[in-house]
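Structure first, then comments.
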Amino acid sequence: MTLLQILLIAAGLLAGIGLGLLAHRLWSSKRLDSAERQVQRILKDAEQTAEAKKKEALLQAKEELYRTRTQFEKESHERRQELKRLEQRTLQREENVDRKVSFLDRKDNEIKDRERKLSDQERKLSDQERSIQRKEDQARALLDKQRIKLQRMSSLTQEEAKNLLMASMREEAERSAAILARQIESEARDKAEKEARNIIALAIQRYAGDQVSEMSVSTVPLPNDEMKGRIIGREGRNIRAFQAVSGVDVVVDDTPEVVVLSGFDPVRREIARISLERLVQDGRIHPPRIEEVVKKVTEEMENTLRETGEQAAFDVGIHGLKPEVIKLLGRLKYRTSYGQNVLNHSKEVAFVMGIMAAELGLDIQLAKKIGFLHDLGKAVDHEVEGSHAQIGATLAKKFGLPEVVVNAIAAHHAEVEVKTVYDILSQAGDAISAARPGARSETMGAYIKRLENLERLSMSFPGVKKAYAIQAGREVRVIVEPEKVDDSGMALVARNISKKIQDELDYPGQVKVTVVRETRAVEYAK
């Protein structure tokens with residue numbers, strides 16, 4: 001190879017190297033520019049992102065600040081309200097404390113005044129005690145002087161004089177006690193006679209009432225006045241025999257062609273009336289004939305009572321009653337109460353109670369049975385002590401009637417506690433049939449006046465605020481003022497009112513006095 005070629009190759013290599021270096025420099029320059037632009041873009045993006053983050057952080061900080069401020073203001077408001085309430089409570093407590101302090105100051109002043117007054121009184125009492133003590137000493141000294149003088153004058157020792165004085169005082173005390181005993185005995189006798197008259201009047205009133213002639217007297221018409229002599233008989237033997245056998249009184253007076261039979265047993269009086277009518281029709285009147293006729297009529301009356309009771313039970317629709325109960329119901333045909341036939345009244349109450357029970361969806365047959373039997377005690381109330389309601393309940397229990405029937409009979413005048421709705425129905429049915437104005441022989445004016453008198457008499461006692469006559473005058477409900485009448489005084493008020501009613505008023509049966517004392521406490525919520 002020649003040197004030229006070598007030089008040319010070397011020059012070409014140099015030129016290639018130079019061009020390569022130049023190209024490499026150009027390419028490096030372009031990459032550097034691109035990297036710078038990329039760095040600028042990254043920096044710009046970073047700045048934008050940082051700005052966005054900054055703005056977002058500022059917004060979050062502002063929102064957090066707003067929430068914190070709102071929460072703070074809310075808590076501050078609540079605390080201010082709580083402080084205000086505490087301040088008000090504190091003021092109220094201070095006012096209460098001030099009032100209590102002023103009250104305690106007044107009480108303290110009053111106590112001091114009382115202590116001062118007590119001290120003054122103690123000083124006065126001490127002065128009075130000393131004065132009394134001085135006077136007692138003076139009196140004791142005078143007594144000693146008098147005792148010495150008496151011993152000198154009577155030549156008696158102190159013990160003998162003491163015994164003599166005690167004997168004299170004992171005699172005087174015994175004489176005073178005897179006088180007082182006679183006064184007490186006289187007052188007790190007068191009071192006993194008065195109470196006895198009241199009891200007798202009440203018993204007559206309960207049975208006889210205002211319809212005496214209708215309830216206890218029967219009349220027998222005679223064909224002529226000559227028959228009166230035959231009824232009396234020789235030396236009165238016929239009339240005595242008739243009265244002994246029949247158990248009624250025969251009154252033969254100047255009334256033309258009439259003989260009066262008097263007795264409180266209506267069945268016995270009816271037997272006597274029928275017997276005397278038969279004797280008058282027969283014309284044969286002598287003791288054996290009288291005994292025969294009265295005995296026969298008595299036997300017939302037993303059948304009549306049974307038939308009457310059975311017919312009444314059939315009319316009402318009550319079945320299964322015992323023969324003893326049927327017979328007692330038959331006796332009610334001849335019993336009147338204040339002018340009203342008791343058997344008709346019992347039937348009416350049964351029908352009324354049946355109607356009310358049907359309206360209330362209750363047992364109609366049970367209600368009718370209670371109404372039909374509620375006055376069963378009136379068949380024998382002139383023979384047995386107690387009210388007819390209690391007597392009827394006892395009879396019903398004796399004859400095995402249900403407990404609800406027994407209690408309803410006992411409660412139809414509110415004498416025992418009401419237990420079932422049938423007790424209320426028995427009271428209502430009895431009032432509808434008997435106690436309403438016009439049902440019995442009592443005018444509306446007398447009925448109203450009797451109720452007004454009951455209320456007026458009850459209101460005349462001190463401490464009575466109101467008085468109401470209820471149950472058609474069978475009960476008076478008295479309301480007393482609790483400030484004037486205490487619990488122990490209620491019984492005294494009831495007893496005084498009932499006693500005054502017995503002394504001053506006329507009424508059928510009995511009147512129940514109920515005293516009510518009510519205490520009320522009233523307060524207003526503001």
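Observations
- Within the stretch 270-311, the set of residues being among the β-branched types (Val, Ile, Thr) and in contact (Cβ under 8 Å) with a residue 60 or more places away in the chain comprises just one member, VAL280.
- Among (1) surrounded by fewer than 17 Cβ atoms within 10 Å (Cβ to Cβ); (2) part of a helix (DSSP H, G or I); (3) modelled with pLDDT under 85; (4) not hydroxyl-bearing (Ser, Thr, Tyr), the one test that LYS499 misses: (3)
- Single condition ASP249 does not satisfy, out of (1) modelled with pLDDT under 80; (2) closer than 25 Å to ARG335 by Cα: (1)
- Residue in the stretch 372-385 that is crowded, with 17+ Cβ neighbours inside 10 Å, within 30 Å of the chain's Cα centre (by Cα) and of a type in the set (Asp, Glu) present: yes
- Some residue of the stretch 398-419 being within 20 Å of LEU332 (Cα to Cα), of a type in the set (S, T, N, Q) and crowded, with 18+ Cβ neighbours inside 10 Å: no
- One residue alone among GLU348, GLU299, GLU292 is modelled with pLDDT of 85 or more and under 26 Å from GLY400 (Cα atoms), and that residue is GLU348.
- Sole residue being under 30 Å from GLU159 (Cα atoms) and either small (Gly, Ala, Ser) or modelled with pLDDT of 85 or more (or both), chosen from ALA35, ALA50, ALA139: ALA139
- For TYR422: the one exception among (1) under 28 Å from the mean Cα position of the chain (by Cα); (2) hydroxyl-bearing (Ser, Thr, Tyr); (3) at pLDDT below 85: (3)
- Residues (under 16 Å from ILE318 (Cα atoms) and surrounded by 15 or more Cβ atoms within 10 Å (Cβ to Cβ)) located in the stretch 339-354: LEU343, HIS345, SER346, LYS347, GLU348, VAL349, ALA350, PHE351, VAL352, MET353, GLY354
- ARG269 being under 30 Å from ALA350 (Cβ atoms) and touching a strand residue (DSSP E or B) at 6+ places or on another chain (Cβ under 7 Å): yes
- Among the residues making up the stretch 444-468, those that are farther than 12 Å from LEU505 by Cα and at pLDDT 85 or above are MET459, SER460, PHE461, PRO462, GLY463, VAL464, LYS465, LYS466, ALA467, TYR468.
- Qualifying strands (runs of 3 or more DSSP E) (wholly inside the stretch 208-323; at least 3 residues being β-branched (Val, Ile, Thr) and at negative phi): 217-221, 258-262
- Residue check, ARG130 surrounded by 10 or more Cβ atoms within 10 Å (Cβ to Cβ), at pLDDT 70 or above and of a type in the set (D, E, K, R): yes
- All of ARG106, ARG85 fail the test of being modelled with pLDDT of 85 or more and in a helix (DSSP H, G or I), apart from ARG85.
- Among the residues of the stretch 215-246, those identified as modelled with pLDDT under 80 and among the β-branched types (Val, Ile, Thr) are VAL217, THR219.
- SER441 passes every criterion in (1) under 27 Å from GLU504 (Cβ atoms); (2) at pLDDT 80 or above apart from (2).
The values are calculated or read from the model by the stated rules, or taken from the named source; none is laboratory data. For clarity, every value in this text was computed on a predicted model and none was experimentally measured. Glycine gets a Cβ as well: all are built from the backbone with ideal geometry, and neighbour counts include every protein chain shown.
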